[in-house]
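The values are calculated or read from the model by the stated rules, or taken from the named source; none is laboratory data. Because the structure is a prediction, the values reported are computed rather than measured. Using ideal geometry, Cβ is built from the backbone for each residue, glycine included, and neighbour counts are taken over all protein chains shown. All accessible areas refer to the heavy atoms of the entire protein, side chains included, with ligands and DNA or RNA removed. Shrake-Rupley method; radii C 1.70, N 1.55, O 1.52, S 1.80 Å.
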Amino acid sequence: MDPAAIIAALLALGGAVAAVSLRNLIHCALCLVLTFFSVAALFLGLGAEFVSFAQVMVYVGAIAILIVFASLMTRDPGTDPARAHEPRAIRPWPLGLGIAGAVTGVLLACVGSSRLLPDVATPATAPSVRELGQELMTRYVVALEVVGLLLTAAMIGAVVLAVREPRRPDQEVGR
Amino acid sequence: MTPLQRYLVVSTLLFGVGLAGALTRRNAILVLVGIELMLTAANLNFIAFWRYGPNPESAAGIVFTLFAIAVAAAETAVGLALIIKIYRHRRTTNLDQMDALKG
């Protein structure tokens, strides 16, 4: 890894930690943008230019903005004071951190001890965007069409879910 | 440590942070943020394996990542629409208070 990749990796990890640990939702979304940009830089360093630009456009341009919009449209009033003192069966913080730490530890041990990984880097001759487009339109055309269908269905589904339904006067709408 | 292993360590840590966020945060939007971080870590793994694998001239690794990004976008759109719908109905995004099956 060259120094640029190390900096990008550190920024990605720091942004990720901030994105899941800060209290303000907008700050979380902005730190998420930092992480996505850094991962896009990592992709650039690995020679995957098109994926890097797709990452910036989709994650930074669409998903992060969606998350900002969603956090603006919802306002978390915090825990209901009447229910704040209910005893919990399990304590969520240590349990979640413990599970995540255990999974990370197992994965790190696997990465560190694996003998299956190739240890010499073959010289990179990354496919150009032109070749990528030709592959997408010939060999992977069925997958491309299915993804297009999936995106259309997801868009329609999201609109149908989020649209505000008109209130009927005879029906008592909950709260 | 080979370069591939360094990238795998970075993606593992990213995955761990995302998993910790998805498991410990109680705001539904932040759980979705954690899931996005895990998906990004998976994409980083794909690209690292493609680059340091036996044949980086093949387009398969890049195409796989592109499809993963598209599916992640669809998942986020539907997930946020569900969160907004639940918020309209129950006036909360706290997962601990979304504990009723009755509407």
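Rounded to two decimals, the Cα radius of gyration of region B:3-97 over 2.2 N^0.38 Å is 1.31. Between A:V142 and A:M57, the distance separating the two model label sites (each 7 Å from Cα on the Cα→Cβ line) works out to 2.6 nm.
Each label was represented as a point 7 Å from its Cα along the Cα-to-Cβ direction; for B:K102 and A:R164 these points are 2.8 nm apart. In a reduced charge model with +1 at each Lys and Arg Cβ and -1 at each Asp and Glu Cβ, the protein assembly as shown shows a dipole moment near 920 debye about its Cα centre.
By the equivalent-ellipsoid construction on the alpha carbon gyration tensor, the protein assembly as shown comes out with semi-axes of 36, 24, 15 Å, ordered largest to smallest. The order of B:D96, A:D2 by accessible area, most exposed first and with a 1.4 Å probe, is A:D2, B:D96. Here the accessible area of the protein assembly as shown is 68 percent carbon and sulfur, with a 1.4 angstrom probe and all protein chains present. Note on A:E49 and A:L22: the model spin-label points, each 7 Å out from Cα along the C-beta direction, lie 3.2 nm apart.
Projecting the Cα atoms of B:T40, B:L66, B:I84 onto the dipole axis of region B:3-97, where Lys and Arg carry +1 and Asp and Glu carry -1 at the beta carbon, places B:I84 farthest toward the positive end.
Taking a sphere under 13 Å around the Cβ of A:V58 and counting the other residues whose Cβ falls inside, with K and R at +1 and D and E at -1, yields a net charge of -2.
Just how large is the dipole of chain B about the Cα centre, in debye to the nearest 20, putting +1 at every Lys and Arg Cβ and -1 at every Asp and Glu Cβ?
440
The C-alpha atoms of region A:1-75 occupy a region whose extents along the principal axes are 42, 23, 10 Å, arranged from largest to smallest. Taking chain B as a Gaussian network of alpha-carbon nodes connected by springs under 10 Å, the highest mean-square fluctuation of the residues B:N45, B:N55, B:N27 belongs to B:N55.
The share of alpha-carbon pairs in region B:24-79 lying farther apart than 16 Å comes to 48%.
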